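Chemist: The structure under discussion is supplied below as structure tokens; questions concerning it will follow.
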């Protein structure tokens, strides 16, 4: 029988904040509370952000890859930042409207690709051509 873990809003906020730049803290918190992996924090006004979303919009590939390795669900924003062109293309073929979608804090898909740097350059060029 599986017992559900209880996590607080404050703990989710701490985890999402850490994912903006503190890999060690992310690892520590996730080890203590594995349910955090799929949690999201609402900053207000329906501005929901997961740890993967946080890492993606600030270009923290190390944190994003760690979270994905632990089982986080890849999304188009993380894929764009990580330079996963085929993933981005597949999503846009299935859902063309995702090109105009905004991630956490209203950050665009194009900006996520920009944060990926050189590794995401092909994604950035692809998105720019489609915009």
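Please treat every number below as a calculation from the coordinates, not as lab data. Here the structure is a predicted model, which is why all the values come from computation and not from measurement. Note: ideal-geometry Cβ built from the backbone for every residue, glycine included; neighbour counts use all protein chains shown.
Chemist: Failed condition for residue 35, given (1) in contact (Cβ under 8 Å) with a residue 24 or more places away in the chain; (2) farther than 23 Å from residue 80 by Cβ; (3) in contact with a helix residue (DSSP H, G or I) (Cβ under 7 Å, 6 or more places away or on another chain), with all others met?
Modeler: (3)
Chemist: Which residue out of 101, 54, 72 is closer than 19 Å to residue 129 by Cα and without any contact (Cβ under 8 Å) to a residue 60 or more places away in the chain?
Modeler: 101
Chemist: OK, next. Please go through the stretch 32-51 and pick out each residue that is surrounded by 14 or more Cβ atoms within 10 Å (Cβ to Cβ) and at positive phi.
Modeler: Across the stretch 32-51, there are no qualifying residues.
Chemist: Determine if the stretch 5-14 includes at least one residue that is within 14 Å of the chain's Cα centre (by Cα), touching a residue at least 12 places away in the same chain (Cβ under 8 Å) and under 30 Å from residue 117 (Cβ atoms).
Modeler: No: the stretch 5-14 contains no residue that is within 14 Å of the chain's Cα centre (by Cα), touching a residue at least 12 places away in the same chain (Cβ under 8 Å) and under 30 Å from residue 117 (Cβ atoms).
Chemist: Then there's this: Test of understanding: among 78, 90, 113, 98, which residue is within 9 Å of the chain's Cα centre (by Cα) and not in a loop (DSSP other than H, G, I, E, B)?
Modeler: 78
Chemist: Sticking with this structure for a sec: Inside the stretch 30-63, can you point out the residues that are part of a helix (DSSP H, G or I) and over 16 Å from residue 109 (Cα atoms)?
Modeler: 30, 31, 32, 34, 35, 36, 37, 38, 51, 62, 63
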